[in-house]
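Nothing in this text is a laboratory measurement; each read-out follows from the coordinates by a stated rule. Here the structure is a predicted model, which is why all the values come from computation and not from measurement. Note that each Cβ is placed from the backbone with ideal geometry, even for glycine, and that neighbours are counted across all protein chains shown.
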Amino acid sequence: MNIDDLLQSLGLAPATLHDGTLIARSPIDGAPLARVREHTPDEAAAAIARAHAAFLTWRTLPAPRRGELVRLFGEELRAHKAALGRLVSIEAGKIAAEGAGEVQEMIDICDFAVGLSRQLYGLTIASERPGHRMMETWHPLGVVGVISAFNFPVAVWSWNAALALVCGDAVVWKPSEKTPLTALACQALFARAAARFGDAPAGLSELLIGARAIGEVLVDDPRVALVSATGSTRMGREVGPRVAARFGRSLLELGGNNAIIVAPSADLDLAVRGILFGAIGTAGQRCTTTRRLIVHEAVADELVARLQRAYASARIGHPLEAGTLVGPLIDAAAFDAMQAALASARADGGRVFGGERVLHERFPDAHYVTPALVEMPAQTPGVCHETFAPILYVLRYRDFDAAIELQNDVPQGLSSALFTTDLREAERFVSATGSDCGIANVNIGTSGAEIGGAFGGEKETGGGRESGSDAWRAYMRRATNTINYSRELPLAQGISFGD
Ligand code: UN1
């Protein structure tokens, strides 16, 4: 199926995608896919105004009714899973299984949000005053701005949008300028769901196409109550303070530097598979990608040898060809950053295996690499930095405490994992003195989280939590209500005031 037919099947008219200024390219071969119209800052402000007006109506619908819209959207996603997954592969370079998996992640969060729409619970709290009841209510928050990255071009928006919509909020989305087509396709599918729903206000889900200046409009507009931003720590460092300066809320999901510790008792078959998916899956371009391997010296030689064999046999190539495990990097800048990181690792005494450009004859305008395994003498500044490419730094340890210290001794705190069959080590790792990350796993890798858990991390990862558990609370405002049903007016703390 050619790209125009694919876009058409997702409800987009290709004719409208040829006259814009933003060139959407496929990282598969670097070829232009479409020319998309960019929004001006004035248009962005108008979209926020429409979303705000939509919010004022939307918040009055009962939450379970709002859930019905998300249910219908989930149906559209189910019906278009193959096509949207394929478009994700074409625009972001993911292999077919991961493109489809990303759409499944959207379907899963829709299901979760539909259930949640009947569970936006508050507490009833014992009042210290007689004849009083105290309770907590959760109300819709306002317009939620979503800034997302190229690597999960649709799922990250859906985690935010599905929850925001059941919570009674309107959503304005600024996707990465590298992936406008998948965003347009999501909007088209959402529009179908809204049409079937009937009384969804116009402006409930707005899309802003453009570069940084458009994101800034979203960040600075006081009508945007929450800015949920996924991307680099550098981006979050700018967004967070700007939103805070106007007393807005932000939910930041930034860089990770995720480690897997492999203990001497580990099941190495599991460990090799977990490391492989985490380190080279998505060509190392997940925020949860495994970037560091901290392996006990007793099993290090064997594990590294097995990984080298697995790396050498992993098929790199066109992401939609059967058998491919590693697709392309997103662009030339990603390739250059990877090469710079490898050069700095070599200068610091690292032994680099892999990391070369391949397939340049077949795809001269794309960037395919062999994933790199780099044995490091120490956790150097380069190792502490997140390079968005398939580089796995290998460090050895002797003592489990030192391994945990090493794992925590980076600025980021998103995901982490331990492979062990020692119960004490496993429990220690997930305890208060274990991993300091938002995600800490045992005997599974660092990436590929389910939507049911809260997703996010500490330190320079930004502290935000999206997706499952009680992450919905970030999309609502909490009110504490005290109701006096007595004929007296007792004051709290036993204060007597003029009586
Ligand atoms: C991201 O890379 O921004 O846990 C999100 C995972 C996916 C989400 C990654 N469920 O790897």
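Brief remarks follow.
- Taking the longest Cα principal axis of the chain as reference, the axis of helix 41-58 is set at about 50 degrees.
- Region 254-391 - percent relative contact order, Cα under 8 Å, separation 6 or more: 26
- Degrees, to the nearest 10: 96-116 long Cα axis against longest axis of the chain: 20
- Using 0.36 nm per residue and subtracting the Cα-Cα separation, the extra length available between ASP422 and GLU450 on full extension is 7.6 nm.
- In this simple spin-label model, placing a label point 7 Å from the Cα along the Cα-to-Cβ direction at both ARG398 and ASP269 gives a separation of 3.3 nm.
- Rounded to 5, percent antiparallel among DSSP beta bridges of the chain: 35
- The alpha carbon radius of gyration of the chain, expressed as a multiple of 2.2 N^0.38 Å, is 1.04.
- By the count of other C-beta atoms within 10 Å, a proxy for reagent exposure, ARG133, ARG306 are ordered fewest to most as ARG133, ARG306.
- Extension reserve of the ARG129-ASP470 stretch, reckoned as 0.36 nm per residue once the Cα distance is removed: 119.8 nm
- Sequence-separation-based contact order of region 26-113, relative, with Cα cut under 8 Å and 6+ spacing, percent: 33
- By the count of other C-beta atoms within 10 Å, a proxy for reagent exposure, GLU136, GLU206 are ordered fewest to most as GLU136, GLU206.
- Spin-label model distance (nm) - GLU321 vs LEU56, 7 Å beyond Cα toward Cβ: 5.7
- Within straight-line cross-link reach of LYS178, lysines at Cα separation under 23 Å, skipping those fewer than 8 residues along the same chain: LYS81, LYS94
- Relative to the longest principal axis of the Cα atoms of the chain, the long axis of helix 297-313 lies at roughly 90 degrees.
- Stretchable slack from ASP5 to TYR485, in nm (0.36 nm times residue separation minus alpha-carbon distance): 166.4 nm
- Neighbour-count order for ILE95, ILE483, ILE444, fewest beta carbons within 10 angstrom listed first: ILE483, ILE444, ILE95
- Beta bridges by DSSP in region 326-428, antiparallel share as percent, to the nearest 5: 55
- Sites matching trypsin sites (Lys or Arg not before Pro) across region 359-411 that sit in DSSP coil, with at most 16 neighbouring C-beta atoms within 10 Å: ARG362, ARG398
- Relative contact order computed over the chain (Cα-Cα under 8 Å; 6+ residues apart), in percent: 18
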